[in-house]
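These notes concern the structure reproduced below.
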Amino acid sequence: MLKEYERRGVVVIPSVFTEEECDRIKSEAYGVTDDQIKAAGYKHVPSEQAYNKKSLIFFPALANTYLNDIRIDDRMQNLVRTFLGDDVRQINNQIYFREQGDLDTFAWHRDTIFREDHIFTMGLATDYLQTVIAIDDITEDNSPVEFIEGSHEWPTFQHPHDLRIFERGAYSGKKYTAKKGDMMIWSVMIVHGSEENKSTSSRMTYMNGFCRTRSASAYPDYLVNGKIVETVDPRRIP
Ligand SMILES: O=C(O)CCC(=O)C(=O)O
């Protein structure tokens, strides 16, 4: 698993969570409200809209016990320890709804564009990890994320002018599919994008991103000396 991740910059881990857990994650994601996330101390706008519907929520685990339980579940913890060691911060916690007919797209990008320069040491690509739980089956047709395997090793990549306009241009990626309950892990350096979901099925993902504490000067602790920190401290989210 580690070898494949190092070579390609992305890996799918089958059957980490059950279908029942995914169904519950989905219903909690639809249930948690912006007001609850704000009341739990989140200082920013808690969600984004696309096409008049909520398309993305930020740090729902602040306000929802079940989503927090999944975030700190042993399966998640063990994975994070395997990749990043014993001292780790949580740098994102979000749910993409990606419903059928959600015409949002993502341009080719590296996740480094989301990481604030004054907080993160960008030289250490090995210190970051994006994890995603597939809450629905992700197929070739419901706007899977397309990855350019090996692009995490490219010395540079030009940021897109507009993150929300996907044009393949000179590049071609591989559509990564997954079954409900699988996890996908990708490097902060890999180039990826996704097109509109024109299919008749939604493909929700629950995303948790992490960084070794030595490379992030802010954000809530996730593991300290190998021990889980059970709640997200909203004051540590810059
Ligand atoms: O889920 C998607 O379609 C895109 C997600 C993505 O590219 C990201 O969050 O960096």
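The values are calculated or read from the model by the stated rules, or taken from the named source; none is laboratory data. Since this is a predicted model, take the numbers as computed values, not measurements. Glycine gets a Cβ as well: all are built from the backbone with ideal geometry, and neighbour counts include every protein chain shown.
When residues in the range 17-31 are screened for being over 18 Å from the mean Cα position of the chain (by Cα) and not hydroxyl-bearing (Ser, Thr, Tyr), 5 of them pass.
Taking the condition of being outside any helix (DSSP H, G or I), within 18 Å of the chain's Cα centre (by Cα) and not polar (S, T, N, Q), how many residues in the range 1-16 meet it? Steps first, please.
In the first step, residues of the range 1-16 are kept if they are outside any helix (DSSP H, G or I); the result is 1, 9-16.
From the residues that got through so far, the ones that are within 18 Å of the chain's Cα centre (by Cα) too are 9-16.
The next check asks that each one be not polar (S, T, N, Q); those that pass are 9-14, 16.
Total satisfying the criteria: 7.
Tell me which strands (runs of 3 or more DSSP E) are completely within the range 176-238 and hold 2 or more residues being under 14 Å from Ile135 (Cα atoms) and of a type outside the set (A, V, I, L, M), or say none if there are none.
Numbers: elements: 183-186, 192-194, 205-212, 221-224.
Correct list: 205-212.
Taken together, Asp221, Asp182, Asp162, Asp233 contain a single residue that is touching a helix residue (DSSP H, G or I) at 6+ places or on another chain (Cβ under 9 Å) and either among the basic types (Lys, Arg) or away from the ligand (no atom under 12 Å from the Cβ) (or both), which is Asp221.
Could you please find all residues in the range 133-151 being in contact with a Gly (Cβ under 9 Å, 6 or more places away or on another chain), within 14 Å of the ligand (Cβ to nearest atom) and either more than 20 Å from Asn208 (Cβ to Cβ) or touching a residue at least 60 places away in the same chain (Cβ under 8 Å) (or both)? Step through it out loud before you land on a result.
First, pick out the residues of the range 133-151 that are in contact with a Gly (Cβ under 9 Å, 6 or more places away or on another chain): 133-135, 145-151.
Adding the requirement that they be within 14 Å of the ligand (Cβ to nearest atom) leaves 133-135, 145-148, 151.
Result: Ile133, Ala134, Ile135, Glu146, Phe147, Ile148, Ser151.
Might you let me know whether the range 60-67 holds any residue that is without any contact (Cβ under 8 Å) to a residue 60 or more places away in the chain and in contact with a strand residue (DSSP E or B) (Cβ under 8 Å, 6 or more places away or on another chain)? Can you show your working first?
Applying the first criterion (without any contact (Cβ under 8 Å) to a residue 60 or more places away in the chain) to the range 60-67 yields 60, 63-66.
Pick out the ones that are also in contact with a strand residue (DSSP E or B) (Cβ under 8 Å, 6 or more places away or on another chain) and you get 60.
Yes, the range 60-67 has at least one match.
All of Pro155, Pro160 fail the test of being surrounded by fewer than 16 Cβ atoms within 10 Å (Cβ to Cβ) and more than 22 Å from Leu84 (Cβ to Cβ), apart from Pro155.
So that you can scan it fast, the table gives a plain yes or no per residue for (1) surrounded by 13 or more Cβ atoms within 10 Å (Cβ to Cβ); (2) more than 18 Å from the chain's Cα centre (by Cα); (3) among the acidic types (Asp, Glu):
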{"position": "Asp141", "(1), (2), (3)": "yes, yes, yes"}
{"position": "Val145", "(1), (2), (3)": "yes, no, no"}
{"position": "Met183", "(1), (2), (3)": "yes, no, no"}
{"position": "Trp186", "(1), (2), (3)": "yes, no, no"}
{"position": "Ile190", "(1), (2), (3)": "yes, no, no"}
{"position": "Gly193", "(1), (2), (3)": "yes, no, no"}
{"position": "Thr205", "(1), (2), (3)": "yes, no, no"}
{"position": "Arg214", "(1), (2), (3)": "yes, yes, no"}
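Looking at Glu167, Glu116, just one residue is within 17 Å of the chain's Cα centre (by Cα), surrounded by fewer than 17 Cβ atoms within 10 Å (Cβ to Cβ) and acidic (Asp, Glu), and that residue is Glu116. Reported count of residues in the range 57-84, each being of a type outside the set (D, E, K, R), surrounded by fewer than 17 Cβ atoms within 10 Å (Cβ to Cβ) and under 15 Å from Lys26 (Cα atoms), is 1. Kindly establish whether His192 is within 11 Å of the ligand (Cβ to nearest atom) and not hydroxyl-bearing (Ser, Thr, Tyr). Yes: the conditions hold for His192.
Does Phe59 satisfy the condition of being among the aromatic types (Phe, Trp, Tyr), modelled with pLDDT of 95 or more and at positive phi? Let's see the steps before the verdict.
Details: among the aromatic types (Phe, Trp, Tyr): yes; modelled with pLDDT of 95 or more: yes; at positive phi: yes.
When the stated conditions are applied, Phe59 passes them.
Filtering the range 97-115 to residues that are more than 13 Å from Ser187 (Cβ to Cβ), in contact with a Phe, Trp or Tyr (Cβ under 7 Å, 6 or more places away or on another chain) and within 10 Å of the ligand (Cβ to nearest atom) leaves Asp102, Thr105, Phe106, Ala107, Trp108.
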